[in-house]
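S.K.: Before we start, here is the structure in question, set down as structure tokens.
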Amino acid sequence: MDAVQEFPAIVAQASAMKPKLLPLRWPSTLAQLNPIPHKFRPGRKLRLRLRLTGNSASQVDDITRLQTSFDPRPSLRALRTRKWTLWDLQHVATFACFVFSLAILPSAPFLKTAAVAALLLLLAMPITQQFFLPSLPIWTYLLYFFASRFITPEYRPHIWVKVLPALENIMYGANLSNILSAHTHPVLDIIAWIPYGIGHFALPAVCCLFLFLFAAPGTTPVFARAFGYMSMFGVTFQILFPCTPPWYEKLHGLEPAHYGMGGSPAGLARIDELFGVDMYTTSFTTAPMPFGAFPSLHAGDAILEALFMQYCFPRFRPFFIFYAVWICWSTMYLNHHYAIDLVGGGIFAATSYYVARSRFLPRPQLDKSTRWEYEYVELGDRVRAFDEEEAYSHYKNGYGLGLLSTSRPATGDSDEWTLGSSSSLDSISRGDTLCGSSSSSPGILSPTTPSNDEHYDVWSKVRFGASAEAGVPEMLAARA
């Protein structure tokens with residue numbers, strides 16, 4: 001009986017003596033599941049090298065690949081989470097011009113609604129957004145230009161007839177346009193017609209194609225925006241400050257002009273007579289802005305194209321300068337612009353170019369011949385950490401200025417600067433320099449710049465650097 005009474009105490013004592021089991025804990029990281037002992041695992045530097053190599057491969061895809069998705073949800077999410085800056089006021093200006101153009105167009109509500117819906121769809125789908133978003137200022141400019149004919153005369157300013165001839169005589173002492181157009185010849189007509197009647201309309205697309213294929217990734221969107229905004233501001237200036245071109249002075253003298261007067265093909269009429277077709281007579285007679293002489297967008301477009309192309313392909317700089325001078329001469333020979341109009345167009349082009357170059361334009365790397373060879377891009381004339389962080393966030397957002405952004409190589413500790421790709425950070429990055437440092441940021445070298453600072457330009461087929469400079473004294477001694 002006593003044993004029966006002591007049994008519960010014995011059971012309790014046995015349970016207390018039972019060894020406790022370790023708690024089951026899920027590993028917090030995958031490294032805890034690694035069965036390889038620590039002494040046999042690869043070193044930290046090797047792991048970092050492999051990680052950087054993988055990052056470099058992904059960055060090449062990021063900056064060179066094109067979007068192929070039709071799903072608009074990523075674009076909507078990026079727009080919702082985007083951090084807006086003052087530079088996004090460009091979209092406000094584009095939207096204002098677009099709405100104004102639709103408002104002054106003749107009433108066609110269904111057509112306008114369909115056009116707006118189609119535009120929004122093109123901007124929402126990534127596969128079309130990458131082309132239509134950066135070129136939206138150009139499409140807006142074309143709509144703005146052709147819709148300006150519907151602005152009623154009571155809201156238009158006075159047409160200036162004597163201002164441009166007076167400025168021409170003050171600045172140059174004579175009317176250069178009348179002097180150049182006084183002596184004509186069919187051969188000169190053809191020479192002037194090629195840039196003015198063909199190149200002006202075709203070269204923007206040709207430049208976009210070359211910049212897309214052979215310049216740094218992101219150059220084409222910057223060029224498209226600069227071209228579109230320059231043209232939009234040029235048309236706005238022509239609306240607010242209408243001036244008569246040289247052909248008006250030949251036809252009507254200095255008589256006051258009024259809205260409703262037709263335009264004139266001027267020297268291009270001889271091209272129609274030469275070929276027996278009506279290419280320019282009707283289009284220039286019914287032009288939406290016959291009194292948009294200042295500034296000359298023919299000169300502005302050509303100078304802007306020349307500036308971008310010589311920046312990306314400096315080997316062909318003389319040809320680009322020649323084309324800009326060629327079209328400026330043709331505008332005066334064909335009696336469409338005064339020389340002062342060309343100066344105004346050049347100012348508009350230079351302003352657009354230098355604003356784009358200082359902050360948004362990717363720096364060319366002269367050892368790269370196509371866009372697919374780029375592993376990273378740098379924006380603007382000088383390296384600014386804040387700007388690069390902001391551009392990278394734009395790139396991740398994928399909307400707006402993201403098309404002008406950069407993809408940066410991954411960085412780590414100070415001992416990992418030399419672990420990147422052999423052709424990534426040691427390539428050229430400059431505004432107009434030919435070495436590893438930039439004139440706009442003196443003393444700043446890329447992290448893996450070799451000691452001899454040697455560089456090979458694939459466009460000019462010349463090697464620059466210490467090794468090339470070292471041979472100069474020997475050459476001079478040999479000559480002596």
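S.K.: Condition check: assigned to a helix (DSSP H, G or I), surrounded by fewer than 22 Cβ atoms within 10 Å (Cβ to Cβ) and touching a Ser or Thr at 6+ places or on another chain (Cβ under 8 Å). Does ILE198 satisfy that?
M.R.: no
S.K.: Same structure again: Mind listing whichever residues of segment 283-332 are of a type in the set (Ser, Thr, Tyr) and either farther than 19 Å from CYS243 by Cα or in contact (Cβ under 8 Å) with a residue 24 or more places away in the chain (or both)?
M.R.: If the condition is that a residue be of a type in the set (Ser, Thr, Tyr) and either farther than 19 Å from CYS243 by Cα or in contact (Cβ under 8 Å) with a residue 24 or more places away in the chain (or both), then SER283, THR286, SER296, TYR311, TYR323, SER330, THR331 are the ones that fit.
S.K.: Quick check on my filter: what residues within segment 238-269 are surrounded by 14 or more Cβ atoms within 10 Å (Cβ to Cβ) and in a loop (DSSP other than H, G, I, E, B)?
M.R.: Within segment 238-269, PHE241, PRO242, THR244, PRO245, ALA257, TYR259, MET261, GLY263, SER264, PRO265, ALA266, GLY267 meet the criteria.
S.K.: Residue under question is LEU123, and the condition is that it be at pLDDT 90 or above, in a helix (DSSP H, G or I), over 25 Å from ALA287 (Cα atoms) and open to solvent by less than 50 Å² (accessible area, probe 1.4 Å); does it hold?
M.R.: Yes; evaluated as a whole, the condition is true for this residue.
S.K.: Then there's this: Tally up the residues in segment 377-403 that are modelled with pLDDT of 85 or more and of a type outside the set (A, V, I, L, M, F, W, C), please.
M.R.: Adding up the residues that qualify gives 1.
S.K.: Only one of these is within 34 Å of the chain's Cα centre (by Cα), over 27 Å from ARG359 (Cβ atoms) and modelled with pLDDT of 90 or more: TRP160, TRP193. Name it.
M.R.: TRP193
S.K.: Now for a separate question. Kindly indicate whether PRO217 is open to solvent by less than 40 Å² (accessible area, probe 1.4 Å) and outside any helix (DSSP H, G or I).
M.R.: So PRO217 passes the test.
S.K.: List the number of the failed condition for VAL161; all other conditions in (1) more than 25 Å from THR331 (Cβ to Cβ); (2) among the β-branched types (Val, Ile, Thr); (3) open to solvent by less than 30 Å² (accessible area, probe 1.4 Å) hold.
M.R.: (1)
S.K.: Then there is this: Which condition breaks for HIS337 when tested against (1) more than 18 Å from ALA299 (Cβ to Cβ); (2) at pLDDT 90 or above; (3) open to solvent by less than 20 Å² (accessible area, probe 1.4 Å)?
M.R.: (1)
S.K.: Being open to solvent by less than 70 Å² (accessible area, probe 1.4 Å), touching a residue at least 40 places away in the same chain (Cβ under 8 Å), in a loop (DSSP other than H, G, I, E, B) and more than 20 Å from ARG225 (Cα to Cα) is the filter here, so list the residues in segment 83-115 that pass it.
M.R.: Once the filter is applied, which keeps residues that are open to solvent by less than 70 Å² (accessible area, probe 1.4 Å), touching a residue at least 40 places away in the same chain (Cβ under 8 Å), in a loop (DSSP other than H, G, I, E, B) and more than 20 Å from ARG225 (Cα to Cα), segment 83-115 yields only LEU105.
S.K.: Which one of PRO204, PRO295 is surrounded by 14 or more Cβ atoms within 10 Å (Cβ to Cβ), modelled with pLDDT under 95 and closer than 16 Å to ILE347 by Cβ?
M.R.: Answer to the selection: PRO295.
S.K.: Identify, please: which residue in segment 171-189 is without any contact (Cβ under 8 Å) to a residue 40 or more places away in the chain and among the aliphatic types (A, V, I, L, M) and is, among those, least open to solvent (accessible area, probe 1.4 Å)?
M.R.: In this case the residue turns out to be ALA174.
S.K.: Restricting attention to segment 123-134, does a residue exist that is aromatic (Phe, Trp, Tyr), farther than 30 Å from THR68 by Cα and out of contact with any Pro (no Cβ under 8 Å at 6 or more places or on another chain)?
M.R.: No: segment 123-134 contains no residue that is aromatic (Phe, Trp, Tyr), farther than 30 Å from THR68 by Cα and out of contact with any Pro (no Cβ under 8 Å at 6 or more places or on another chain).
The values are calculated or read from the model by the stated rules, or taken from the named source; none is laboratory data. Being a predicted model, the structure only gives us computed values, none of them experimental. Cβ sites come from the backbone with ideal geometry, for glycine too, and all protein chains shown count toward neighbours. With ligands, DNA and RNA removed, areas are computed over all heavy atoms of the protein, side chains included. Shrake-Rupley method; radii C 1.70, N 1.55, O 1.52, S 1.80 Å.
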